[in-house]
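Since the structure comes first, as structure tokens, the remarks are kept for the end.
The values are calculated or read from the model by the stated rules, or taken from the named source; none is laboratory data. None of the values given here were measured: they were computed from a predicted structure. With ideal geometry, Cβ positions are generated from the backbone for all residues, glycine too; neighbour counts draw on all protein chains shown.
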Amino acid sequence: MSDFLLEILSEEIPARMQAKARADLARLFEAELNTAGLSAQGIETYVTPRRLVLIARGLPQETAATSEELKGPRTSAPPQALEGFLRKTGLSQDQLSERDGIWFANLEKPGRATVEVLAEAIPAIVRAFPWPKSMRWGAASLATESLRWVRPLQGIVAMLDEKVVDFEIGDVRSGAATIGHRFRHPGPITLGGASDYLEKLKACHVIVDQDERARIIRDGAAAAASAAGLTLVEDEGLVLENAGLTEWPVPLLGQFDPSFLQVPREVIQLTMRTNQKYFAATDGQGALAPAFICVANIDAADGGQAIVHGNQKVLAARLSDAKFFWEHDLAVPLGQQAEKLSQIVFHEKLGTVADKVDRVAKLARWLVEEGIVGTDANLTARPERSRGAPAPALEPRPSTTLGTSEVGQLADLAERAARLAKADLVTQMVGEFPELQGLIGGYIAAAQDEDPQVAEAIRDHYKPVGQGDEVPTAPVTVAVSLADKFDTLVSFFYADMPPTGSKDPFALRRAALGVLELLTHNSLRLSLWEGITHGLKGMTDLRVFPEMPDQAFEAHSKAMQATFKSLPDFFADRLKVQQREAGVRHDLIDAVFALGGEDDLVRLLARVRALQSFVETPDGTDLLAGYKRAANILKKENWTAEQDENKTLSYTPENAEDVLIAALDSAEPEAAAAVEREDFEGAMRALATLRRPVDAFFNEVTVNDPDPAKREARLDLLARMRAAVHRVADFSRIEG
């Protein structure tokens, strides 16, 4: 068995492309081996900024001989068909065999030397390599069919054991020599094959294994910070990026002027990370330290002093720009900045950002004034729970216990925060770092002596923005965040721009999940119908429909109706996604939604949790089975009527009928009362009393009795049982 070494040397490969390139190389190589009838005992891939490497262990010296039988034309076919088959197979007619009036060809393929297979496979892999971006170079690049690679190729090593696999790609010929580190060992290195490749490269200051480089950076950066009495701000993404930028990584500690710490911490860290690929560090109190850790690509003779000095100068220039932007933005009141939002189009159909801000401000104020946000329950601290965990146990929607003046004050704060929340979009700082929108506004608001609740709401109103993100709990922040996301959803659904398939250009699915997180995490009792109604109030002033006035009014009415119909369904789908992590069954959510009229998501989830607990018990399982049996009978008979409780039967009912009637007489009002007071566990307990009577009814009573009076009464009784169950959920939607 033999080992194969492939190294493709080029100019610098972008770090973001390296991981996928390794996977693609292994995939393409394995596919070529399979086509040739070869397989390796193991395939290893490595990548550095300048080289893509593959080592295949345990390759056979040659492929196995194979035989193949090809079916040809019938013996009675025209001569031209036979001639074509002979040309295809390269055989003569006397080499064919005839069976059942059909010609067959037996092709024997002798084994091929593995080195020959590789000599054909590697050029095919290189030419078909799926780089996200590639380029042509040199004189040959004038031809569109010329070789493409991520960066110009400089050399190829291809060796099976100690033998060179000879081929040429473009103007690059394979060989047994490579080069080491760009500065420490730029001369040629003659290799002996896969057996000594990693060791020889390391001796020439190239660490080929990307995982080893990442470990050196991770441990070295932490050690450099610790030596200065600091703590490294861990950033695994930055570790991997630096590993993709260096072949011989050396972490070094540098300093910057402490006066730059006047700039918000996130700006400094983002400047260092994005522009310079530096790690940040904190002091003993957790505050950002005026220090950074850079990763050099060389073990310098002076210990890296010159490298650190150069990096400090570059960082100082970057931070000077950031400080200038910050000081300029601080000098302009946020309210004055917000006036510029009328010059920014939110969407051509939905007006400017200023229009959106006005809608959000009114909606946030309504949320507070209605007691949906800011009630006594919402002002108290809530126990922490992990994402995906069930929401807290449901309690009846609390009435607003704040005084009128307190509600007004909270509503004023929510409206003020909403009107300033987007103001930082026109600041120079957010223009430079768009990912800091909201955060910069919060810092500016605090510096300009806005109420702390307003500053916090501006900072956090985009949250939650993704999986696992923090969910706000402060009332003003919740009001603004909820209003902002709800307005986005209502606006785009009103303008008939919902997500389609995998396309969601306006991130509406994320907005819906954010609304759900805010509602369930804070147990906010918001009716979707009410929310949509108030959200649509802001649509009347928009020129979404440019038709004549009478046509525009008709289009507006249709858009409102479509929004009321489609947006709740959209929330239902997102709710299933959100609750899947908590182990909530999607069919149970369907069973509750199917009842109609349930658009309080907190109450809905409480009902779903009670239903799930019930159907997983023996009582629930048996009742579900009895319900489905009854529903199937009623469906088959197309029976929709229910038994009149006061109707006198014209026959003497059997004992099981009397028992079921009595059970329904008790369970129906009890379940209805429990649902009314939102005691869904109690409603399930009431339904559980029907289990044994239903079982006995089916065991002892013939529903389709020959007597029409008995048959009608018993079908009515089953319909009554179905209706009683439907007070809690539509059991027909439950699987099982």
- Message: Given the criterion free of Cβ contacts under 8 Å to residues at least 60 places away in the same chain, more than 24 Å from the chain's Cα centre (by Cα) and in the same structural domain as PRO693 (by TED's automatic domain parsing), identify the matching residue among GLU616, GLU598, GLU554.
- Response: GLU616
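Just to be sure, is ALA121 touching an Asp or Glu at 6+ places or on another chain (Cβ under 8 Å) and either in the same structural domain as GLU7 (by TED's automatic domain parsing) or not aliphatic (A, V, I, L, M) (or both)?
Values: touching an Asp or Glu at 6+ places or on another chain (Cβ under 8 Å): yes; either in the same structural domain as GLU7 (by TED's automatic domain parsing) or not aliphatic (A, V, I, L, M) (or both): yes.
Taking the combined requirement at face value, the residue satisfies it.
Just to be sure before I move on: is ALA713 of a type in the set (A, V, I, L, M, F, W, C) and in contact (Cβ under 8 Å) with a residue 40 or more places away in the chain in the structure I sent?
Yes; evaluated as a whole, the condition is true for this residue.
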- Message: Against the condition small (Gly, Ala, Ser), in contact (Cβ under 8 Å) with a residue 12 or more places away in the chain and under 30 Å from LEU238 (Cβ atoms), how does SER2 come out, does it pass?
- Response: no
- Take segment 391-431 and flag every residue that is at pLDDT 95 or above, outside any helix (DSSP H, G or I) and hydrophobic (A, V, I, L, M, F, W, C). ALA421
- Query: Just one of the numbered conditions (1) farther than 28 Å from GLU581 by Cα; (2) small (Gly, Ala, Ser); (3) without any contact (Cβ under 8 Å) to a residue 24 or more places away in the chain is not true of ALA447; which one?
  - Reply: (3)
- Note on the structure: Taking first residues from segment 165-176 that are at positive phi and second residues anywhere that are small (Gly, Ala, Ser), the pairs with Cβ under 9 Å that are 6 or more apart or on different chains are GLY170/GLY138; GLY170/ALA140; GLY170/SER146
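Quick one: would you say ALA507 is among the hydrophobic types (A, V, I, L, M, F, W, C) and surrounded by fewer than 22 Cβ atoms within 10 Å (Cβ to Cβ)? Working first, answer last.
Numbers: among the hydrophobic types (A, V, I, L, M, F, W, C): yes; surrounded by fewer than 22 Cβ atoms within 10 Å (Cβ to Cβ): yes.
For ALA507, the condition - among the hydrophobic types (A, V, I, L, M, F, W, C) and surrounded by fewer than 22 Cβ atoms within 10 Å (Cβ to Cβ) - is met.
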- Item | Single condition GLU120 does not satisfy, out of (1) in contact with a Gly (Cβ under 6 Å, 6 or more places away or on another chain); (2) modelled with pLDDT of 90 or more | (1)
- Item | Pairs with Cβ under 7 Å, 6+ apart, first in segment 531-546 and more than 20 Å from ALA479 (Cβ to Cβ), second at pLDDT below 75 and of a type outside the set (Lys, Arg) | PHE545/ALA552
- Item | Lone unmet requirement of (1) more than 30 Å from ALA113 (Cα to Cα); (2) modelled with pLDDT of 95 or more for HIS185 | (2)
- Restricted to segment 124-143 and to residues being touching an Asp or Glu at 6+ places or on another chain (Cβ under 8 Å), exposed (fewer than 13 other Cβ atoms within 10 Å of the Cβ) and outside any helix (DSSP H, G or I), the residue modelled with the highest pLDDT is PRO130
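In segment 402-432, which residue that is among the acidic types (Asp, Glu) and within 35 Å of the chain's Cα centre (by Cα) is surrounded by the fewest Cβ atoms within 10 Å (Cβ to Cβ)? Break it down into steps so the answer makes sense when it comes.
Of segment 402-432, the ones among the acidic types (Asp, Glu) are 406, 412, 415, 424, 432.
Retained after the next criterion (residues that are within 35 Å of the chain's Cα centre (by Cα)): 415, 424, 432.
Working: GLU415: 24, ASP424: 27, GLU432: 15.
Applying the filter and picking the extreme gives GLU432.
If you scan segment 691-712, which residues turn out to be surrounded by fewer than 20 Cβ atoms within 10 Å (Cβ to Cβ) and within 27 Å of ALA673 (Cβ to Cβ)?
Here is the first cut: in segment 691-712, the ones surrounded by fewer than 20 Cβ atoms within 10 Å (Cβ to Cβ) are 692, 695-696, 698-709, 711-712.
ARG692, ASP695, ALA696 - these are the residues of segment 691-712 that are surrounded by fewer than 20 Cβ atoms within 10 Å (Cβ to Cβ) and within 27 Å of ALA673 (Cβ to Cβ).
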- Filter segment 441-457 for residues that are within 31 Å of the chain's Cα centre (by Cα) and over 16 Å from VAL263 (Cβ atoms); which is surrounded by the most Cβ atoms within 10 Å (Cβ to Cβ)? ALA457
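I'm checking my understanding of the structure. Among residues of segment 16-51 that are of a type in the set (Asp, Glu) and in a helix (DSSP H, G or I), which one is nearest to SER134 (Cα to Cα)? Even if it seems obvious, please write down each step before you answer.
So the first thing to find is which residues in segment 16-51 are of a type in the set (Asp, Glu), and the list is 24, 30, 32, 44.
Still in the running and in a helix (DSSP H, G or I): 24, 30, 32.
On the way: ASP24: 15, GLU30: 23, GLU32: 22 Å.
Of everything passing the filter in segment 16-51, ASP24 is nearest to SER134 (Cα to Cα).
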- Task: Please name all residue pairs, on different chains or six or more residues apart, with Cβ atoms under 8 Å, provided the first residue is in segment 212-228 and is in a helix (DSSP H, G or I) and the second residue is small (Gly, Ala, Ser).
- Result: ARG213/ALA243; ALA214/ALA243; ILE217/ALA243; ALA225/ALA281; ALA225/ALA291
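One residue is enough: does segment 199-206 have a residue meeting the conditions assigned to a loop (DSSP other than H, G, I, E, B), touching a Ser or Thr at 6+ places or on another chain (Cβ under 6 Å) and at negative phi?
First, the residues of segment 199-206 that are assigned to a loop (DSSP other than H, G, I, E, B): 204-206.
Among the residues that remain, those that are also touching a Ser or Thr at 6+ places or on another chain (Cβ under 6 Å) are: none.
No, the conditions are met nowhere in segment 199-206.
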- Task: Give segment 5-42 a look and list any residue that's of a type in the set (A, V, I, L, M, F, W, C), in contact (Cβ under 8 Å) with a residue 60 or more places away in the chain and under 17 Å from MET159 (Cα atoms), or say none.
- Result: LEU5, LEU6, ILE8, LEU9, LEU25, PHE29, LEU33, LEU38
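For ARG714, state whether it is within 21 Å of ASP619 (Cα to Cα), of a type in the set (Lys, Arg) and assigned to a helix (DSSP H, G or I). Even if it seems obvious, please write down each step before you answer.
Working: within 21 Å of ASP619 (Cα to Cα): no; of a type in the set (Lys, Arg): yes; assigned to a helix (DSSP H, G or I): yes.
No: the conditions fail for ARG714.
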- Message: Tally up the residues in segment 273-326 that are over 37 Å from the mean Cα position of the chain (by Cα) and not in a loop (DSSP other than H, G, I, E, B), please.
- Response: 8
- Task: Considering every residue within segment 79-91, establish whether at least one is surrounded by fewer than 16 Cβ atoms within 10 Å (Cβ to Cβ) and either touching a Gly at 6+ places or on another chain (Cβ under 7 Å) or under 30 Å from ALA194 (Cα atoms) (or both).
- Result: no
- Out of segment 327-367, which residues are under 19 Å from GLU266 (Cβ atoms), touching a residue at least 60 places away in the same chain (Cβ under 8 Å) and either among the charged types (D, E, K, R) or not in a helix (DSSP H, G or I) (or both)? ASP329
- Query: Within the set of pairs 6+ apart or on separate chains, which have a first residue in segment 649-662 that is more than 17 Å from ALA719 (Cβ to Cβ) and modelled with pLDDT of 90 or more, a second that is of a type in the set (Gly, Ala, Ser) and buried (at least 16 other Cβ atoms within 10 Å of the Cβ), and C-beta atoms under 7 Å apart?
  - Reply: VAL659/ALA696
